[in-house]
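Remarks on the structure that follows.
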């Protein structure tokens, strides 16, 4: 069900499930899905101790499933931005420029094709040790057509050497514990 259009290009595909070999009897149990992602054949993808085949590996940005009322519902949204390719970086911005709380973006400074808005640029001057942002992609009148409105800036505190939120409401950001999957857990399956 995956159709990558060249290396590093935007990918859109539709299918009936994990593979399109399921017959019509199975289609009632396997939801239709839509995946938007990128296929990068030049990387050697790794996930913890798994070595992945780069020809068969796709970084999924957005996965939607068709619900019983025939509406597309977000199932997964990848909101960590870094450089994929100039073409992909620009094309993906339009998919994140909306008001849904699931479409805010995170990344290291310089890892998104859109510039920060004027307020965000002022915050970077105020917090020069910040190196991670959390923001919202919004339409803008610039060459790219979008900019990032900063919600949070994070960085390493020089005294404690711990990462902290330098700007933004700490209660409004989701904390991750950084724990890898347990050894022996079945890979690719949710608990």
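What follows is calculated from the coordinates using simple rules that are stated; it is not laboratory data. Not measured: the values here are computed from a predicted model. Heads up, the Cβs are rebuilt from the backbone with ideal geometry, glycines too, and the neighbour counts pull from every protein chain shown.
Observations on the structure shown:
- Net lengthening on full extension, residue 164/residue 72 (0.36 nm per residue, minus Cα-Cα): 29.5 nm
- Rg and Dmax, both from the Cα atoms of segment 112-156 and both in Å, are 10.4, 33.
- Estimated distance in nm for a label pair at residue 99 and residue 174, the labels positioned 7 Å out from Cα along Cα-to-Cβ: 2.1
- Model label sites at residue 126 and residue 48, defined 7 Å from Cα along the beta-carbon direction, differ in position by 4.0 nm.
- Calculated translational diffusion coefficient of segment 33-165 (37 °C, 0.692 mPa s; Stokes-Einstein with Kirkwood radius over alpha-carbon pairs) equals 198 µm²/s.
- Packing around the peptides 163-172, 79-88, 111-120, 130-139, taken as the average count of other Cβ atoms within 10 Å per residue, puts them in this order, highest first: 130-139, 111-120, 79-88, 163-172.
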